[in-house]
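The values are calculated or read from the model by the stated rules, or taken from the named source; none is laboratory data. Not measured: the values here are computed from a predicted model. Here the Cβ positions follow ideal geometry from the backbone for every residue, glycine too, while neighbour counts run over all protein chains shown. Surface areas here come from the heavy atoms of the whole protein model, side chains and all, with no ligands, DNA or RNA. Shrake-Rupley method; radii C 1.70, N 1.55, O 1.52, S 1.80 Å.
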Amino acid sequence: MQAYFTNDAIVLGLLMAVLAIIFYLESSKKPFWVKFFTYVPSLLLCYFVPALLKWPLGLVDGEVSQLYYVASRYLLPAALILLCLGIDFKGIMRLGPKAIIMFLAGTIGIILGGPIALLVIEYLFPSLIPSNLSVNELWRGMSTIAGSWIGGGANQTAMKEVFEVADNIFGIMIVVDVIVANIWMGFLLYGANIRDKANRLLKADNTAILDLEKRMEDYNSSVKKIPTTTEVFILMAVAFGGVALAHWGADIITPFMEERIESLKNMNLQSLASGFFWLVVIATTIGLALSFTSARKLEGVGATRWGSVFIYVLVATIGMKMDLAQIFDKDNIGLFVIGLTWMLVHVIILLLVAKMIKAPFFFVAVGSQANVGGAASAPIVASAFNPSLASVGVLMAVLGYALGTYGALICAILMEMVATG
């Protein structure tokens, strides 16, 4: 069924109205809204309300709209540059090894979660396996989810080619991938709102993160001022000039890598042939490099605020692509159970490791999303804790791109052993 509004100018207006209403209500002093936003973070609403515009309201269709492409290719790199401008490298270094440990725990959770979920469904609930899928087709299709959840789209496509996944099965797996990952992201955004309680349960030492947040906020306060029109233009020039350089660099590097795709496949480094990978890496690098220059003072004229606005618009466009109706399609129920079981294993391993090393919930959330969501959404989850922490999400997500194919291959081999054992 075609969406009621297909003109992107109208769709953008709807999304901006939704975002404005959410933030207006969040700033309300009325007791109901104060209590409501104590438990429901605004970022979560920015994500799910646009999804409701798609289904059941049928007003928009994220698959038809080009807004996500614009937001992810233009606003996301701009946001990465702006959010990295004021980065405190010393503070990030003081975060220690727990961030990397939690990221790797998330990766291991996905590698083990696939075969465990397949084992549980195959032996305990075999009736949930769709009748039109053999177990052999199932594990091959699931390998593409592993590629997506550890790395990203390029790794997912690589798994499709490696294991010769049929197009119709690949399409179903994309639906499971997107819906389950988005549901989990919703929990993470909610978790950011109750992080103090989560940290107490984990007996976590949150000192380094709080120190980084305070240092960033103190610096922001020291340079903050009402910007002039000239300063706003300079800020936009830095942001979108950096986006232009990132696209230029990606346009040069990607064809060079594509010419060597066979060699990259032999080394399981297909992600290096992804234009989006280089766009994110170059934009992040530009932002990090500028943080060592006088451009860092642009934090005072609203770099983080503008970066956050761009992130929220991106979140709304991601939500608009989420098809909640697919959750209730009886033909997909078994696959969603597999996906949710898989994610549950990932979460259990993350929480067990976090409890063992007393890692803050921030590392749990960002370590998970850097795996499952990648560079497009890891900074979103990090920003839910504090906009100054967005760069941590980006850096961890880039690591996910590097490990994606290797981890997905190991996961696929284990799932094959379960299927044929």
Listed by range, helices (runs of 4 or more DSSP H) wholly within the range 323-421 having at least 1 residues that are open to solvent by 10 Å² or more (accessible area, probe 1.4 Å), closer than 22 Å to I282 by Cβ and in contact with a helix residue (DSSP H, G or I) (Cβ under 9 Å, 6 or more places away or on another chain) are 378-385, 390-420
Taking the range 204-215 on its own, how many of its residues are under 28 Å from L314 (Cα atoms) and surrounded by fewer than 21 Cβ atoms within 10 Å (Cβ to Cβ)?
-> 4
Per-region count, the range 64-93, residues assigned to a helix (DSSP H, G or I) and modelled with pLDDT of 80 or more | 19
Residue check, F103 aromatic (F, W, Y), surrounded by fewer than 18 Cβ atoms within 10 Å (Cβ to Cβ) and either touching a Phe, Trp or Tyr at 6+ places or on another chain (Cβ under 9 Å) or without any contact (Cβ under 8 Å) to a residue 12 or more places away in the chain (or both) | no
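Of the residues S148, S143, which single one is modelled with pLDDT of 90 or more and open to solvent by less than 40 Å² (accessible area, probe 1.4 Å)?
S143
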For the range 224-248, what are the residues that are over 17 Å from A295 (Cα atoms) and either acidic (D, E) or surrounded by 18 or more Cβ atoms within 10 Å (Cβ to Cβ) (or both)?
-> A246, H247
Out of all the residues in the range 152-162, is one or more open to solvent by 10 Å² or more (accessible area, probe 1.4 Å), polar (S, T, N, Q), in contact with a helix residue (DSSP H, G or I) (Cβ under 8 Å, 6 or more places away or on another chain) and part of a helix (DSSP H, G or I)?
-> yes
Of everything in the range 30-63 that's hydrophobic (A, V, I, L, M, F, W, C), in contact (Cβ under 8 Å) with a residue 12 or more places away in the chain and in contact with an Asp or Glu (Cβ under 9 Å, 6 or more places away or on another chain), which residue is most open to solvent (accessible area, probe 1.4 Å)?
-> W55
Within the bounds of the range 190-203, is there any residue that is part of a loop (DSSP other than H, G, I, E, B), open to solvent by 40 Å² or more (accessible area, probe 1.4 Å) and either under 28 Å from L95 (Cβ atoms) or among the basic types (K, R) (or both)?
-> yes
Hey, among the residues in the range 261-272 that are without any contact (Cβ under 8 Å) to a residue 40 or more places away in the chain and surrounded by 14 or more Cβ atoms within 10 Å (Cβ to Cβ), which one's farthest from A283 (Cα to Cα)?
-> L264
Within the range 245-274, restricting attention to residues that are touching a helix residue (DSSP H, G or I) at 6+ places or on another chain (Cβ under 6 Å) and modelled with pLDDT under 90, which residue is nearest to E231 (Cα to Cα)?
-> S274
